[in-house]
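Below is one structure, written out as structure tokens; the observations come after it.
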Amino acid sequence: MDLKQLRDGIDDIDSSILSLFMKRMELCKGVADFKKEHNMPVFQGGREQEVIDRIKELTGNKELEKGTAALFTTIMDISKILQNRTIHAAAPDYIYTSPDFAGARTIGCQGTSGANSESAARKVFGDRDFTFYPSFEDVFKAVQAGEVDYGVLPVQNSTAGSVDSTYDLMAKYPFYIVKMVTLEINHCLAAKKGTMLEDITCVYSHRQALSQCEVFLSRTGLKKHEYSNTATAAEKVLRSEEPIAAICSVDCAEKLGLEILARDIADCTINRTQFIIISRDLQVADDSDSVSVMLTIPHTEGSLYRLLTKFFVNNMNLLRIESRPIRDGSFDVMFFLDFSGKLSDPSVKAVLRDLEENLEDFRCIGTFKSE
């Protein structure tokens, strides 16, 4: 046979596979109705393994056993996703309130006045006083304790990537993301008045800022020193008698009366940081179109692939996937996923209930409008 004949034969077989797949899904719909009526769970591990074992036995070709197992595992996963839609269609909605940014009494940021977190907070809350905390963890604690209505924390930079310390704390504290804010970052090198660039012995700043200005620092040969925050680093420079400098925002340098020795020193001219606004309670804005979750998955073959299948089949675009080690001595990781959807969407609700029921560690950590 020539190539066209071979392809025509494959097309005919694909049509047959599709027809049988549709018939199988129709039978699965009946299974879903039965399970719903009799209050049975969608996932039944024994039945799934029974099907896979039977398929492997029928394959008759060792080289194709894994492939046929993967094919039928995917078919069963699709079946379970559709069953979940049926079973969870009438599940109770999540209980939440609407954000009240205008009426917020207290807002917490890390660092000090002039920090980028303050600039991000002003984009949401306007010109008001903020409560500053020494560390990111202190902001989480303040939100958890009800000391502040909202907290503002950086999560992602377009140049340096994820803010790992924030993600580590997200796994540790209960909270909800209620809004995402993107801020243009404009780094400069600042020192006390009268200090010359050639006199600088060390540069202080947050690890992310130092990473974002790596090219400038390498070219000038300046020694780096990590500090808790760009604004607190600038304050340290102001108080020091040593010829040191800070990488901070232009606004921060001008506010403290520091001399700007170099402007626009980030590696990329377009340098943005995303900040999350967090609260103690689940709050959903009318324009929210993204959902954020955190979860662990079992150490089994294809577990991540099977997780991602749930979002693909439900037409949910994954906006972000991050992983951080669980600090318990193991090599397990916590996954953080942002995906498109609304909490009121039946498909989203079905996926969340599915993950909640079938994963040992799972939390929905908020919803927001994607920027």
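Multiply the residue separation of Asp281 and Leu3 by 0.36 nm, subtract the distance between their alpha-carbon atoms, and state the gained length in nm to one decimal.
Between Asp281 and Leu3, full extension yields an extra 94.0 nm.
For region 90-117 versus region 292-349, the inter-centroid distance based on Cα atoms is 24 Å. In terms of Cα atoms, the Rg and Dmax of region 47-203 work out to 25.8, 82 Å. When peptides 58-67, 318-327, 287-296 are sorted by average Cβ neighbour count within 10 Å, with the highest value leading, the order is 287-296, 318-327, 58-67. Secondary structure note: in the chain, about 75% of the DSSP beta bridges are antiparallel.
Net charge dipole, region 45-144: roughly 140 debye, given to the nearest 20, about the Cα centre with Cβ charges of +1 for Lys and Arg and -1 for Asp and Glu.
By the Cα gyration tensor, the chain has an equivalent ellipsoid whose semi-axes, rounded to whole angstrom, run 50, 25, 17 from largest to smallest. Taking amide hydrogens as placed 1.01 Å from N in the peptide plane, the amide H of Arg272 sits under 5 Å from those of Ser158, Thr159, Ile185, each at least 5 positions away in sequence or on another chain. Once all protein chains are placed together, Lys35 keeps about 20 Å² accessible to a 1.4 angstrom probe. Only lysines eight or more places from Lys193 in sequence, or on another chain, were considered; those with a Cα closer than 30 Å are Lys223, Lys224, Lys236, Lys255.
Between Leu64 and Arg327, what's the calculated FRET efficiency when r is the beta-carbon distance and R0 is 51 Å? Round to 0.05.
About 0.75, to the nearest 0.05.
Given q = 0.34 Å⁻¹, what are the Debye log10 I(q)/I(0) values for region 328-371, with equal point scatterers placed on the Cα positions and solvent ignored? Log-scaled intensity ratios, in q order: -1.37.
Under 19 Å of direct C-alpha separation, and excluding same-chain neighbours fewer than eight residues apart, Lys179 reaches these lysines: Lys123, Lys141, Lys342, Lys369. Helix 303-313 and the long axis of the chain differ in direction by around 80°, with both axes built from C-alpha atoms. Share of carbon and sulfur in the accessible area of the chain stands at 52%, probe radius 1.4 Å. Sequence-ordered 3J(HN,Hα) estimates for region 18-24 from the Karplus curve with 6.51, -1.76 and 1.60 and θ = phi - 60° stand at 4, 4, 5, 4, 4, 5, 5 Hz, glycine and proline given as x. To the nearest 10, the accessible area of Tyr150 is 10 Å² with a 1.4 Å probe.
The dipole here belongs to the chain: it is taken about the Cα centre, uses +1 on the Cβ of Lys and Arg and -1 on the Cβ of Asp and Glu, and is about 140 debye.
Each label was represented as a point 7 Å from its Cα along the Cα-to-Cβ direction; for Asn186 and Glu356 these points are 4.5 nm apart. Backbone amide hydrogens, once placed in the peptide plane, bring Arg320 within less than 5 Å of Asp338, excluding anything fewer than 5 places away on its chain.
Taking every DSSP bridge with both residues inside region 107-213, close to 25 percent are antiparallel. For the chain, the mean residue ellipticity at 222 nm estimated from helices alone is -13500 deg cm²/dmol, where every DSSP H run of n ≥ 4 contributes -39500 (n - 2.57) and the total is divided by all residues, rounded to the nearest 500.
For region 74-88, backbone phi angles converted through the Karplus equation (6.51, -1.76, 1.60; θ = phi - 60°) give residue-by-residue couplings of 5, 4, 5, 4, 4, 4, 5, 4, 5, 5, 4, 4, 5, 5, 9 Hz, Gly and Pro being listed as x. Size descriptors for region 175-277, from the alpha-carbon set: Rg then Dmax equal 13.8, 47 Å.
Evaluating 6.51 cos²θ - 1.76 cosθ + 1.60 at θ = phi - 60° for every residue in region 133-143, the Karplus couplings come out as 10, x, 9, 4, 4, 5, 5, 4, 4, 5, 5 Hz, glycine and proline recorded as x. List the aspartates and glutamates whose Cα sits under 20 Å from the Cα of Lys23, skipping any in the same chain fewer than 8 residues away. Correct list for Lys23: Asp11, Asp12, Asp14, Asp33, Glu48, Asp77. For region 240-371, the solvent-accessible area works out to 49 Å² per residue, with a probe of 1.4 Å and every protein chain left in place. By the Cβ distance rule (another cysteine Cβ under 4.7 Å), the unpaired cysteines of the chain are Cys28, Cys109, Cys188, Cys202, Cys213, Cys268, Cys364.
Springs between Cα atoms under 10 Å define the GNM used for the chain, and in it the highest mean-square fluctuation of Ile107, Ile278, Ile200 occurs at Ile200.
What FRET efficiency do you get for Ile260 and Lys342 if R0 is 35 Å and r is their Cβ-Cβ distance, rounded to the nearest 0.05? Here the calculated transfer efficiency is 0.20.
Extension gain for Ser158-Asn317 works out to 55.3 nm (0.36 nm per residue, less the C-alpha to C-alpha distance).
The values are calculated or read from the model by the stated rules, or taken from the named source; none is laboratory data. Everything numeric in this text was worked out from a predicted model, so none of it was measured. We place every Cβ from the backbone using ideal geometry, glycine too, and count neighbours over all the protein chains shown. Just the protein is used for accessible areas: all its heavy atoms, side chains included, with ligands, DNA and RNA removed. Shrake-Rupley method; radii C 1.70, N 1.55, O 1.52, S 1.80 Å.
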